[in-house]
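So the structure is just underneath, and the comments pick up after that.
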Amino acid sequence: MKLKETHKYDDIIHLSRPDTGRRARMSNYDRAAQFSPFAALTGFEAAIEETGRLTDAPIELDEGGKQLLDEQMRAVLEAIDIQPEVTVTWFRYDERKAGGAYVHTTGYVKKIDGYTGRILFTDGQTIPLGEIISITMER
């Protein structure tokens, strides 16, 4: 089936837009914005990204790892008077989903608080003792 050619609007197709004079002309950008897509599912993209974000599970140290960590902690305790600079590798739980990530925090140790179970740094940061897997003291 062949479509029939019509030349119904050939006389006006190349004319400029009519100007009524009552309103200022809308810019092409504003005219195009009228036809932009509508986001019916607001927040859907953020939810998809959050679902796709990966987290790790915490590592359970074996007896050798626990002994090494105890030795590292003892060395920091012995040097606590000079506020040693340390790098702590620890597990930070994710606030929005199960799991978390291992992070490295470097700073000067102010106190190891056995009562609250936290290491306190001179800059105010705190790290839970139970989440630490490694401590390296800068010499």
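Residues to consider are ASP56, ASP62; find the one that is closer than 30 Å to ILE133 by Cβ and either of a type in the set (A, V, I, L, M) or surrounded by 10 or more Cβ atoms within 10 Å (Cβ to Cβ) (or both).
It is ASP56.
Given the residues THR20, THR106, which is the only one that is within 25 Å of GLU138 (Cα to Cα) and without any contact (Cβ under 8 Å) to a residue 40 or more places away in the chain?
So the residue among THR20, THR106 that is within 25 Å of GLU138 (Cα to Cα) and without any contact (Cβ under 8 Å) to a residue 40 or more places away in the chain is THR106.
Regarding PHE44, is this residue in contact with a helix residue (DSSP H, G or I) (Cβ under 7 Å, 6 or more places away or on another chain) and either of a type in the set (A, V, I, L, M, F, W, C) or surrounded by 12 or more Cβ atoms within 10 Å (Cβ to Cβ) (or both)?
no
Being surrounded by fewer than 17 Cβ atoms within 10 Å (Cβ to Cβ) and more than 18 Å from ALA79 (Cβ to Cβ) is the filter here, so list the residues in the stretch 126-136 that pass it.
Selection gives THR126, PRO128, GLY130.
Being in a helix (DSSP H, G or I) and under 30 Å from LYS97 (Cα atoms) is the filter; apply it to the stretch 1-51 and report the residue that is farthest from the chain's Cα centre (by Cα).
Applying the filter and picking the extreme gives PHE44.
Return yes or no: is ARG139 loosely packed, with under 10 Cβ neighbours inside 10 Å and modelled with pLDDT under 95?
Criteria met by ARG139.
Restricting to the stretch 126-138, give me the number of residues that are in a strand (DSSP E or B) and under 27 Å from GLY52 (Cβ atoms).
1
The values are calculated or read from the model by the stated rules, or taken from the named source; none is laboratory data. Just so you know, these numbers come straight off a predicted model, no measurement behind them. Every residue, glycine as well, gets a Cβ built from its backbone with ideal geometry; the counts of neighbours run over all protein chains shown.
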